[in-house]
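Heads up, the thing below is written out as structure tokens.
The values are calculated or read from the model by the stated rules, or taken from the named source; none is laboratory data. A quick note: this is a predicted structure, and the numbers were derived from the prediction, not measured. Here the Cβ positions follow ideal geometry from the backbone for every residue, glycine too, while neighbour counts run over all protein chains shown. Accessible surface is based on the protein model in full, side chains and every heavy atom, while ligands, DNA and RNA are left aside. Shrake-Rupley method; radii C 1.70, N 1.55, O 1.52, S 1.80 Å.
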Amino acid sequence: MTSNFFGPDRTLLGYEDTPWSVWVLGPDDIHDRPTLGEALISAAEINASLAAMRMESTSEYDPVMYAVVLHHGYAWSRKSPHCGRPGCQPCVNKEATP
Ligand SMILES: [Zn+2]
């Protein structure tokens with residue numbers, strides 16, 4: 001699957017009605033999380049264990065797997081623009097931050 005994480009033609013990876021989730025590329029798992037903070041912690045933990053598995057593996061053919069934080073189904077980063085949902089607290093707070 002070719003995914004465009006950011007930009008105008010970005011791919012919807014999760015569910016638009018879920019504010020925060022973590023998507024794992026490879027198994028295509030989606031884990032809902034109540035806040036951005038918890039989504040970031042989950043993604044970090046998943047990425048750490050995937051990296052450890054990768055280092056212990058002797059096969060070149062293991063699938064590439066990593067976790068991405070999703071906001072309303074789309075990949076999220078600190079530079080992501082406001083999702084455009086009225087009153088979306090994480091976006092509104094971010095816009096208020098210089
Ligand atoms: Zn938002």
For the peptides 56-62, 32-38, what is the packing order when you average, over each peptide's residues, the other Cβ atoms within 10 Å and list the highest mean first? 32-38, 56-62
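In square angstrom, what is the accessible area per residue of the chain with a 1.4 angstrom probe?
Values: 6540 Å² over 98 residues.
Heavy-atom SASA per residue in the chain reads 67 Å².
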Which log10 I(q)/I(0) values, to two decimals, does region 1-94 give at q = 0.11, 0.18, 0.21 Å⁻¹ under the Debye formula with one point per Cα? -0.34, -0.82, -1.04
Return the long-range amide H neighbours of residue 29 (sequence gap of 5 or more, or a different chain), with a cut-off of under 5 Å between placed amide H atoms. 24
Using Cα pairs under 8 angstrom and six or more residues apart, how large is the relative contact order of the chain, in percent? 33
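Helix-derived [θ] at 222 nm for the chain: sum -39500 (n - 2.57) over DSSP H runs of at least 4, divide by residue count, nearest 500?
-9500 deg cm²/dmol
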Descending packing, highest mean Cβ count within 10 Å first, for 74-80, 16-22 is 16-22, 74-80
Summarise the accessible area of region 17-98 (1.4 Å probe, protein heavy atoms) by the percent that is carbon and sulfur. 58
Options 50, 91, 61, ranked by Cα towards positive dipole end of region 20-96, top entry (Cβ charges): 91
